[in-house]
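Report on the structure given below.
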Amino acid sequence: MNEKNAAVTWEGIEAKEFDYRVCPATGLLVDTKAEKLVIANAVAAVICLTLGGIFALLISLTRWQTIHLLDATWYYRLTTAHGVDMLVAWIVFFEIAALYFGSTALLNARMVSPKTAWLAFVLMVIGGGLANFAILTGKADVMFTAYVPLKASPIFYVGVILFAVGALIGVGLFFVNVFVAKAEGRYTGSLPLVVYGLVAAAIIAVYTLLSGALAFVPALFWSLGLLKQYDPAFYRNLFWSFGHPAQQINLCAMVVVWYMLSHITTGGKTPNEKLSRFAFILYVLFINLGSAHHLLVDPGPSFPWKVFNTSYAMYLAVLASMIHAYSIPAGVEIAQRKKGFTKGLFGWLKNAPWKEPGFASLAVSIVIFGWIGGVTGVTIGTEQINMLAHNTLRVPGHFHATVVGGTTLAFMGLTYYLIPLVFRKELRMKKLATLQVYSFGAGMTLVSIGMIIAGLQGVSRRHFDITFANAAIQGGIPQGVHIGLALLGIGAIIAILAGTLFVTIVLVSILNPKKVSPTSVTLVIPQESVNVPETKKEPSAKGTFVLVLIFLMFFATYYLSNWWLLGRTWFIR
């Protein structure tokens, strides 16, 4: 590594003196202060992932009725902790690391206020620690949603609020970094696509975190006795302005990572950058409307509002996902065909770098997110179907495919490249890293499908025990329920083992005392700077087009079969 300490000038504008190094793989400047913040947030993310994974295994072995490991108290307690550590802490810490990296290294820019960023990190660590303390000591057995009138200790609410404030500061610093980078001439033209996508995720994050404050600050006052009453319906509306949009930040960030991984592993780039940027705008405008499906049984929102959000506006966000779902594989196909893999419709796919952990995570993440998470999400977001599905295990089956099988797996894949690029350590056990990706994907596929199978047969999403239903069902619980819950348990064991392997690989790699130069790794850089071999004619993405058609046929079949099932359920002789 070339370490430098100098005042840097872009287009006649002298920047403040700061410490940086030049990455030999990309030529980008890496602010060493920003780098330390990226490392700190990434390490905190992996710690939260480890805690959440332990809780996940115990919860899954409880829902698997044959084992039924935990009693009711610890089941609900660990479910609360699992939700906080996995749905919020692990992913938000990682996203803050990505925001800092994107707004500095990818723009050849500096971290504007490292001290403020460290303050944000400390607030997030203290907040996450307080929330976990309150939960694990029995002071916050309120589940992830913490629905009023369930009341937790003030420590829990303070922890959540501190974490949200820290994250909001981090997001604010991202915007400041981008603004200052432009003002100092660190880049020319429009933002690189990856940073553009991060801007979209950060905009969604501002709305989400402010909504969380509006929900949890009154809850804190209520917990302290300063607020005598807190309307449960009012809380639910505010909470789902936070709870579901928090996952939309993840969605947007995951798509950004997909673009990065496709470029890192194959050199692929979107065939139409303007269309990809437009898709990110659709996310900003419409993705949060997906939270409406949590409120369809509430008396507050009007019927026209429910129909508009679930049957029209939400599909504009789905359109954005479909654009990305075509653009990313199409970019890979075009890049592969330029390399000479032109035989047939799928020769490019057959010869893709399947042994590379980054490409493996990209492909498996897209398949699980789209074919399981996306299809089921749009389906259960329809009002009439939602009425039957919402309080069953079908819903966790959906969001475990999106948040875990999709987002978490994509973040794992990116981590394998951050180790040499940011930590400057060699990725150890690379073959096991690839195995880890496929194993984790297989485990989460079983988890999601198992939940969906059980949910289709009416298994509750929240109750830890279904044996009480024996007396109410003639002939006992259907065998299909037990099969679904067994798949959930087996899949969880596989996924947790793969998650343990991920943590092991990361630790072995970053604790290696020897630093290396990541010359074999190519990082995402502005599209116009990518050297692509000139060809007489741009290869087509006909293979991707066929794959998309197959996906749409599957989507339509699943969606219509749900209406058939709905008709059978509501049929009256």
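The values are calculated or read from the model by the stated rules, or taken from the named source; none is laboratory data. Just so it is clear, the model here is predicted, and its values are computed rather than measured. Neighbour counts are summed over all protein chains in view; Cβ atoms, including those assigned to glycine, are modelled from backbone coordinates with ideal geometry.
Of these, Leu29, Leu51, which one is in contact with a helix residue (DSSP H, G or I) (Cβ under 6 Å, 6 or more places away or on another chain) and not acidic (Asp, Glu)? Answer to the check: Leu51. When the range 267-310 is filtered for residues that are crowded, with 19+ Cβ neighbours inside 10 Å and of a type in the set (Ser, Thr, Tyr), the ones remaining, listed by number, are Thr270, Ser276, Tyr283, Ser291, Thr310. Among the conditions (1) under 22 Å from Ser241 (Cα atoms); (2) in contact (Cβ under 8 Å) with a residue 40 or more places away in the chain, Tyr187 misses just one, which is (1). Taken together, the residues in the range 348-374 that are free of Cβ contacts under 8 Å to residues at least 12 places away in the same chain and more than 27 Å from the chain's Cα centre (by Cα) amount to 1.
Take the conditions farther than 21 Å from Met254 by Cβ and either aliphatic (A, V, I, L, M) or not in a loop (DSSP other than H, G, I, E, B) (or both) and apply them to Ala105. Does it pass? It is false that Ala105 is farther than 21 Å from Met254 by Cβ and either aliphatic (A, V, I, L, M) or not in a loop (DSSP other than H, G, I, E, B) (or both).
Taking the conditions (1) surrounded by fewer than 16 Cβ atoms within 10 Å (Cβ to Cβ); (2) part of a helix (DSSP H, G or I); (3) of a type outside the set (Asp, Glu) in turn, Lys228 satisfies each one other than (2). Of the residues examined, Asn272 is one that is farther than 30 Å from Pro299 by Cα and more than 21 Å from the chain's Cα centre (by Cα).
Considering only residues of the range 70-128 that are of a type in the set (Asp, Glu) and either touching an Asp or Glu at 6+ places or on another chain (Cβ under 7 Å) or farther than 20 Å from Val178 by Cα (or both), which is surrounded by the fewest Cβ atoms within 10 Å (Cβ to Cβ)?
Asp71
Of the candidates Met429, Met387, the single residue that is surrounded by fewer than 18 Cβ atoms within 10 Å (Cβ to Cβ), closer than 27 Å to Leu289 by Cβ and either at pLDDT 90 or above or among the aliphatic types (A, V, I, L, M) (or both) is Met387. Filtering the range 61-77 down to residues that are among the aliphatic types (A, V, I, L, M) and assigned to a helix (DSSP H, G or I), which residue is nearest to the chain's Cα centre (by Cα)? Out of the qualifying residues, it is Leu61. Ala215 meets all of the listed conditions (1) in a helix (DSSP H, G or I); (2) surrounded by fewer than 22 Cβ atoms within 10 Å (Cβ to Cβ); (3) among the aliphatic types (A, V, I, L, M) but one, namely (2).
Take the conditions assigned to a helix (DSSP H, G or I), surrounded by fewer than 24 Cβ atoms within 10 Å (Cβ to Cβ) and out of contact with any Phe, Trp or Tyr (no Cβ under 9 Å at 6 or more places or on another chain) and apply them to Phe179. Does it pass? Yes: the conditions hold for Phe179. For Pro154, the stated conditions do not hold, so it cannot be described as in contact with a Pro (Cβ under 6 Å, 6 or more places away or on another chain) and either in contact (Cβ under 8 Å) with a residue 60 or more places away in the chain or buried (at least 21 other Cβ atoms within 10 Å of the Cβ) (or both).
Within the range 187-235, the residues that satisfy the criterion of being closer than 30 Å to Lys274 by Cα and of a type in the set (Gly, Ala, Ser) are Gly189, Ser190, Gly197, Ala200, Ala201, Ala202, Ala205.
Quick check, is Ala56 more than 24 Å from Phe423 (Cα to Cα), among the small types (Gly, Ala, Ser) and either surrounded by fewer than 23 Cβ atoms within 10 Å (Cβ to Cβ) or touching a residue at least 40 places away in the same chain (Cβ under 8 Å) (or both)? Answer is yes for this residue. Identify the residue in the range 394-429 that is part of a loop (DSSP other than H, G, I, E, B) and touching a helix residue (DSSP H, G or I) at 6+ places or on another chain (Cβ under 7 Å) and, among all such residues, is farthest from Thr79 (Cα to Cα). Within the range 394-429, the match that is farthest from Thr79 (Cα to Cα) is Glu426.
Just checking, does the range 137-146 include any residue being surrounded by fewer than 18 Cβ atoms within 10 Å (Cβ to Cβ), more than 26 Å from Leu51 (Cβ to Cβ) and out of contact with any strand residue (DSSP E or B) (no Cβ under 8 Å at 6 or more places or on another chain)? No, the range 137-146 contains no residue that is surrounded by fewer than 18 Cβ atoms within 10 Å (Cβ to Cβ), more than 26 Å from Leu51 (Cβ to Cβ) and out of contact with any strand residue (DSSP E or B) (no Cβ under 8 Å at 6 or more places or on another chain).
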